[in-house]
Amino acid sequence: MPSVKIPPLLLDADEVCSLVTGLLLLEAGGVNEAATVRTKLEQLLPPKLRQQAAATALATQVITPVAAPVDWRLLGVLAEAVAQGQNLRFTYTDQHSKVSERHIRPYRHALRKGAWYLIAYDIQRTDWRLFRLDRIQHATPEPTATGIDVPVFPSPSIEEWLTTDFGRLPASAG
């Protein structure tokens, strides 16, 4: 098999530092793949930038991860469903340990205060809902069914929607 020539990465030292630091944050959060990605990135860098990456890794110590561990496969499933306009079915366990089957249209996933969430339109409950990713099991994408109208997200931003109790309280004047 002929070798594949990869074009040079057009990164400067600050960008390499940012990438390596981000990968170190992911590693501290329990993402095992981040170390592999960091190693591969370093192999692709020219010598001077490889030194910058190694220096950044050596000089950086993450004591407290910024996020709880997340199922990266699930994030990929969610991202693909959003991009393709697909619905998802999954099993959800709420904060009171009640298990339910959900049929939703994903809108976005977000990291907030150290936890990952899914913002989605719940087709069965005909309302926008928030789901913690660590409580989702067996997420399965499915083609979008005809006859299901998903309304536009009800707030200018996810943060505003969350801070106004899902749009039930007035937005702050701040």
Problem set entry | Flag for D14 being in contact (Cβ under 8 Å) with a residue 60 or more places away in the chain, more than 30 Å from G147 (Cβ to Cβ) and either among the hydrophobic types (A, V, I, L, M, F, W, C) or open to solvent by 60 Å² or more (accessible area, probe 1.4 Å) (or both) | no
Exercise. Which one is least open to solvent (accessible area, probe 1.4 Å), of the residues in the range 17-31 that are within 16 Å of D71 (Cα to Cα) and not hydrophobic (A, V, I, L, M, F, W, C)?
Worked result: G29
Seminar exercise, completed: How many residues of the range 66-109 are open to solvent by less than 50 Å² (accessible area, probe 1.4 Å) and free of Cβ contacts under 8 Å to residues at least 24 places away in the same chain? The answer is 3
Exercise. Restricting the search to the range 1-48, which residues are over 28 Å from L111 (Cβ atoms) and in a helix (DSSP H, G or I)?
Worked result: Q43, P47, K48
For this session: Answer yes if at least one residue in the range 142-160 is open to solvent by less than 60 Å² (accessible area, probe 1.4 Å) and assigned to a strand (DSSP E or B), and no otherwise.
Result: yes
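The values are calculated or read from the model by the stated rules, or taken from the named source; none is laboratory data. A quick note: this is a predicted structure, and the numbers were derived from the prediction, not measured. Note: ideal-geometry Cβ built from the backbone for every residue, glycine included; neighbour counts use all protein chains shown. Protein only, heavy atoms only, side chains kept; ligands, DNA and RNA dropped before computing areas. Shrake-Rupley method; radii C 1.70, N 1.55, O 1.52, S 1.80 Å.
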